[in-house]
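Colleague: The structure that follows is given in the form of structure tokens.
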Amino acid sequence: MTDASLSQLTSGAYEQALKVIESVEPRIAAATRQELADQRGSLKLIASENYASPAVLLTMGTWFSDKYAEGTVGHRFYAACQNVDTVEALAAEHARELFGAPYAYVQPHSGIDANLVAFWSILANRIETPALKKLGAKNVNELTEADWESLRHEFGNQRLLGMSLDAGGHLTHGFRPNISGKMFHQQQYGTDPETGLLDYDQVAAKAREFKPLVLVAGYSAYPRRVNFAKMREIADEVGAVLMVDMAHFAGLVAGKVFSGDEDPVPHAHITTTTTHKSLRGPRGGMVLAQEEFAADVDRGCPMVLGGPLSHMMAAKAVAFAEARRPEFQTYAQAIADNAQSLAEGFLKRDARLVTGGTDNHIVLLDVSGFGLTGRQAESALLDAGVVTNRNSIPSDPNGAWYTSGVRLGTPALTTRGFGHEEFDRVAELMIEVLSNTQPGTTKAGEPSKASYVLADGVAERVQAGADELLDKNPLYPGLELS
Ligand code: DSN
């Protein structure tokens, strides 16, 4: 089918769907139309967002949503799951092929859910199963109260080592206020204070001293590649399970931009991901694992998760089928190339980037040189049609709420067709906003970390510049709503 006829079909589908929604709750139909207009009219640079294809979007809106299907393919706690079985089996098969993984679990509803399933599976595999074996019990229901208490104690006494939040790790990598920092004794590794780069010797030293059960690798705000072969060596040396959270860069793995030592899947015992970031699928999560963990991960629902979202598993299958096409590799390479262009655009205009650049899809801009907090920068940029998110930088003096950084990512605008010149212009437009923004004051006249003053006319000028780029690279070309 040609792109034009696909667009025509998609327009018809959404036009009809919105009319049906309008007949029940017109304000939701209006908000849905407005969301499309807003996404079309702004520069989306949030590193964890993207635009899924119309095929993926349409797959999410079906009657698969109405089906309960706790359990796994062919082994459900509900009747009449034959079509859900087809969907889940296909999604898992596409995932295994796409990532070269022995086993794929496509039920998690989000990245955090995927990580919880992974933690639970590691505890089950390394703590519970050996304990049950030793006690000659099939499952925990067969344990005496005393044995059960001792197992609970063991479960609650395990150690996890992950990347700290301000170095670019995720909340679920052992951040103390998060459940991962509470269910495990945790320690965190950071980055080199001079270079901002991951220091493998520091990770190894901490691992030797702390002896974690779980070593977590992966990041949400680190603009560099990771050598997962090295991380596995460290894990093996101390007898840890290597868990990699590739939520941010799964698209770069699927698209073969990260291969060899940079491809986590063959090196990690368990790899978790979201499906909606650089992978460009529906909102959701997934766990990939080596065979030894498959049976444990398979019990994710109902032991950790609520019933699977069958409509989302269907959309994952469609997205993975798209990612298996050769053109996805071109797309993934363009994400990384565009991040380079964006970084160069800032560096040549004397802005400071954490680690001095990027070699993945993330650019972490330190806005302190503009005299701003991340919060002020994020707000001023938004006024000019540039959507980013504030992010802490290593040893951030402004903490995780106000921050000193702005995290940028290239997956979404790359989907729209932006290339080198467009990303250079994006850097120029952003610099225009930031260099024309002043910190504001509180009502009491004190310096504020939140309020800001953007010079007159800048927002309009930058939005006009952004519109030129956006009009040349439309979102969902041909999708017209009345
Ligand atoms: N919310 C995701 C991100 O923006 O990176 C991580 O949970």
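Colleague: Which ones in the range 302-332 are open to solvent by 50 Å² or more (accessible area, probe 1.4 Å) and part of a helix (DSSP H, G or I)?
Modeller: The answer is PRO302, MET303, PRO326, GLU327, GLN329, THR330.
Colleague: Need at least 3 residues that are aliphatic (A, V, I, L, M) and at pLDDT 95 or above per element, so show me which helices (runs of 4 or more DSSP H) inside the range 150-263 make the cut, counting only ones lying wholly within it.
Modeller: Helices (runs of 4 or more DSSP H) meeting the threshold: 200-210, 228-238, 250-254.
Colleague: For the range 353-464, give me every one of the strands (runs of 3 or more DSSP E) that falls completely inside it and has 2 or more residues that are aliphatic (A, V, I, L, M) and either more than 16 Å from the ligand (Cβ to nearest atom) or at pLDDT 95 or above (or both).
Modeller: Output list reads 362-366, 405-409, 447-454.
Colleague: Counting only residues that are farther than 30 Å from VAL462 by Cα and of a type in the set (Lys, Arg), which one in the range 1-43 is modelled with the highest pLDDT?
Modeller: Applying the filter and picking the extreme gives ARG27.
Colleague: Answer yes or no as to whether LYS133 is assigned to a loop (DSSP other than H, G, I, E, B) and surrounded by fewer than 16 Cβ atoms within 10 Å (Cβ to Cβ).
Modeller: no
Colleague: Collect the residues in the range 288-301 that are under 22 Å from the mean Cα position of the chain (by Cα), open to solvent by 40 Å² or more (accessible area, probe 1.4 Å) and among the hydrophobic types (A, V, I, L, M, F, W, C), keeping them in residue-number order.
Modeller: none
Colleague: Let me ask something else about it. Pairs, please: C-beta under 8 Å, at least 6 apart or cross-chain, first residue without any contact (Cβ under 8 Å) to a residue 24 or more places away in the chain and in the range 373-391, second within 16 Å of the ligand (Cβ to nearest atom) and acidic (Asp, Glu)?
Modeller: ARG390/GLU378
The values are calculated or read from the model by the stated rules, or taken from the named source; none is laboratory data. This one's a predicted model, so the numbers in the text were calculated from it and none came from an experiment. Cβ atoms come from the backbone with ideal geometry, glycine included; neighbour counts cover every protein chain shown. The area values use the complete protein model at the heavy-atom level, side chains included, leaving out ligands, DNA and RNA. Shrake-Rupley method; radii C 1.70, N 1.55, O 1.52, S 1.80 Å.
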